[in-house]
Amino acid sequence: QVQLVESGGGLVQAGGSLRLSCAASGRTFSTYAMAWFRQAPGKEREFVAVIRYIRSRTMYADSVKGRFTISRDNAKNTVYLQMNSLKPEDTAVYYCAADITGNGATFRYEYEYWGQGTQVTVSS
């Protein structure tokens, strides 16, 4: 089993930055695809970014492309989401997820492990 714990969320003004972290314990996740999803109140959980095992290739949702950067440190079993130029519409609970197949799809059902989430609030 793999346990995921997110941290780094908080309150920030529009235009500011935050760096989210997701620490994994249990099995090594060096070959996993790691992703970030987010869910705003009353809305469905949506894909944000993924970093795949193969070549550490990344993919981003159009809404965050150019502003967010996903990265990983396999030695520390940690994945990061650097969020810049934050907007009020980025306000949501952000979840870390792991796909043990390494494929890194954009659909929730493809991910076997999930963290409990960290709140990000962006004020206008």
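The values are calculated or read from the model by the stated rules, or taken from the named source; none is laboratory data. Fair warning: this is a prediction, and the values are worked out from it, not measured in the lab. Using ideal geometry, Cβ is built from the backbone for each residue, glycine included, and neighbour counts are taken over all protein chains shown. Areas reflect the complete protein model, heavy atoms only, side chains present, ligands, DNA and RNA absent. Shrake-Rupley method; radii C 1.70, N 1.55, O 1.52, S 1.80 Å.
Quick look at the values:
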| quantity | calculated |
| --- | --- |
| Additional length obtainable on full extension of the chain from Ser85 to Ser63, 0.36 nm per residue less Cα span | 6.7 nm |
| Gain on full stretching of the segment that runs from Ile100 to Arg19 - 0.36 nm per residue minus C-alpha separation | 26.8 nm |
| Accessible area of the chain belonging to carbon and sulfur atoms, whole % at 1.4 Å probe | 46 percent |
| Percent of alpha-carbon pairs separated by more than 22 Å within the chain | 26 percent |
| Where trypsin sites (Lys or Arg not before Pro) in DSSP loops with at most 14 other Cβ within 10 Å are excluded, longest remaining stretch of the chain | 66-124 |
| Cross-link partners of Lys65 among lysines (Cα-Cα below 22 Å; sequence separation of 8 or more within a chain) | Lys43, Lys87 |
